[in-house]
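Here is the structure we will look at, set down as structure tokens.
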Amino acid sequence: MRCEAGRHVIHSAQHPPPPTPAHASPPRSNGDGYTGVYADGANICIAFSIDQRDWRKASTPLYAHGMHPAGLDAYHAHKVWLTAHPITGVLYMYYTGVYEGGRGILLLTSQPV
């Protein structure tokens, strides 16, 4: 994903889709964002599921607090909402960023918009 200043956040190799069983057609993988709380603050994490029952957490955060170029998530990045445009496929990630001056709703996109 990219923030408005063009800083790269996620690589597809970090979060590959779940493996496909040999006997099945390729499933649609569903991802769900959640807040991972660490000693130094909250980060946005993601987990993947094929059947909506068994989930596999990614080994690294999807987005770590403090990565916003203007410092708008210096303390925490949490309360994530992930969605995709149905036609263009552009991914949108809305989240709450917490910084010294307060908090706000921030947006990252997979492509410049």
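Which order results if ILE87, ILE46 are arranged by neighbouring Cβ count within 10 Å, fewest first?
Result, fewest neighbours first: ILE87, ILE46.
How big is region 30-109 in terms of Cα radius of gyration and Dmax, in angstroms?
Cα only, region 30-109: 13.2, 41 Å (Rg, Dmax).
Arrange the following residues from fewest to most other Cβ atoms within 10 Å of their Cβ: TRP81, TRP55.
Listed from fewest to most nearby Cβ atoms, that is TRP81, TRP55.
A short reminder: the numbers here are calculations on the coordinates, not readings from a lab. Everything numeric in this text was worked out from a predicted model, so none of it was measured. Here the Cβ is made from the backbone with ideal geometry for all residues, glycine too, and neighbour counts use every protein chain on show.
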